[in-house]
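Q: Before I ask anything, let me first share the structure, which is written out below as structure tokens.
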Amino acid sequence: MSDHGLVIAELPLLHTVPIHALREVRGWRGLDRTRLAEALAAVPAFADPDSVKHLPVADLFDLYDSGVRQVIDHLLPTRPVIVRHRPLTPWFNSECHALRRQVRRAERVYRRSHSPDDRARWIRQTRDMHARFRAIEAQYWEGRIAADAADPRRLWSAFRGMLGGSADDVAPPPSFSADEFADHYEAKIEDIRRATSTAPDPDYSITACRLEELSAVTAPQLRHLITSSPSNFFYYYFRLKTRVTDRTLLQYKFYKRNTANWL
């Protein structure tokens, strides 16, 4: 018996969506200090300080602020830029920050020089950085699993948010009752039996193959078979080639750890 139907499911978005914001910035690196000094010297409050010495402190501060702001707006007008902000993952530590700064420094060197050697150095550092990122990520989550392995409730609480769930998640009520579900499958079975009631009996061919003896499999052999299965290859292949969700990676880690404990 077989049955086919449309299955609809909702999967939570496990990765934080980047936030793009529009900001106004100034090109401070292109500031001409000579022109800045000349412009400030031309401001009346700075050219003739005696003319404003009788003003109160609040007025002097406003006069200074407005004068400097006008000069800066003239020399360095603001320009809009789009800033991409994405919260970092919990395993992104100070070492990851240092590696990323090193790679960005190598990229800036190559962008200025366009040298093949600088490009090769930048690519090599980028690959080393990503390899180290994968190692740090695996070490972090393995540590979290090992720390709470003896307390399933605490372990589930630690990973529930990353798996896409929350404490307020409540499953919606089904659109059918248990009796309706049973009636549907009983009707399906009856339809199949009615459709095949006039079919001829199957013709089974005789084979000479026999399974005469079963060889015993020891626990170490079974453990080796599981731990050396192709799942290791598929895990690393999809981890490098695709954006595997955190849920998939954690399921793999739980599987590997639990099977190791059971065996």
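Q: Quick one: is Ala21 touching a strand residue (DSSP E or B) at 6+ places or on another chain (Cβ under 7 Å) and at pLDDT below 85? Don't jump to the end; show me each part of the working.
A: Details: touching a strand residue (DSSP E or B) at 6+ places or on another chain (Cβ under 7 Å): yes; at pLDDT below 85: yes.
When the stated conditions are applied, Ala21 passes them.
Q: Just the residues that are aliphatic (A, V, I, L, M) and farther than 21 Å from Gly27 by Cα, please, taken from the stretch 51-102.
A: Looking only at the stretch 51-102, we keep the residues that are aliphatic (A, V, I, L, M), and these are 52, 55, 57-58, 60, 63, 68, 71-72, 75-76, 81-83, 88, 98-99.
Scanning the stretch 51-102 gives Val52, Leu55, Val57, Ala58, Leu60, Leu63, Leu88, Ala98, Leu99.
Q: Related question: Could you identify the single residue in Ala182, Ala195 that is at pLDDT 75 or above and surrounded by 10 or more Cβ atoms within 10 Å (Cβ to Cβ)? Talk me through it step by step, then tell me what you get.
A: Values: Ala195 fails: surrounded by 10 or more Cβ atoms within 10 Å (Cβ to Cβ).
The match here is Ala182.
Q: Test Arg33 against the criterion of being touching a helix residue (DSSP H, G or I) at 6+ places or on another chain (Cβ under 9 Å), closer than 17 Å to Leu76 by Cα and at pLDDT 80 or above, and give yes or no.
A: Working: touching a helix residue (DSSP H, G or I) at 6+ places or on another chain (Cβ under 9 Å): no; closer than 17 Å to Leu76 by Cα: yes; at pLDDT 80 or above: yes.
No.
Q: Only residues that are of a type outside the set (Phe, Trp, Tyr) and in contact with a helix residue (DSSP H, G or I) (Cβ under 9 Å, 6 or more places away or on another chain): list them for the stretch 83-104, please. It would help to see each step written out before you state the result.
A: Residues of the stretch 83-104 of a type outside the set (Phe, Trp, Tyr): 83-90, 93-104.
Within the stretch 83-104, Leu88, Thr89, Pro90, Asn93, Glu95, Cys96, Leu99, Arg100, Gln102, Val103 qualify.
Q: Would you confirm, using the coordinates I've provided, whether Trp141 is over 30 Å from Tyr110 (Cα atoms), within 19 Å of the chain's Cα centre (by Cα) and at pLDDT below 85? Reasoning before the result, please.
A: Working: over 30 Å from Tyr110 (Cα atoms): yes; within 19 Å of the chain's Cα centre (by Cα): yes; at pLDDT below 85: yes.
It is true that Trp141 is over 30 Å from Tyr110 (Cα atoms), within 19 Å of the chain's Cα centre (by Cα) and at pLDDT below 85.
The values are calculated or read from the model by the stated rules, or taken from the named source; none is laboratory data. Keep in mind the model is a prediction, meaning the values are calculated, not measured. Backbone-built Cβ (ideal geometry, glycine too); neighbour counts: all protein chains shown.
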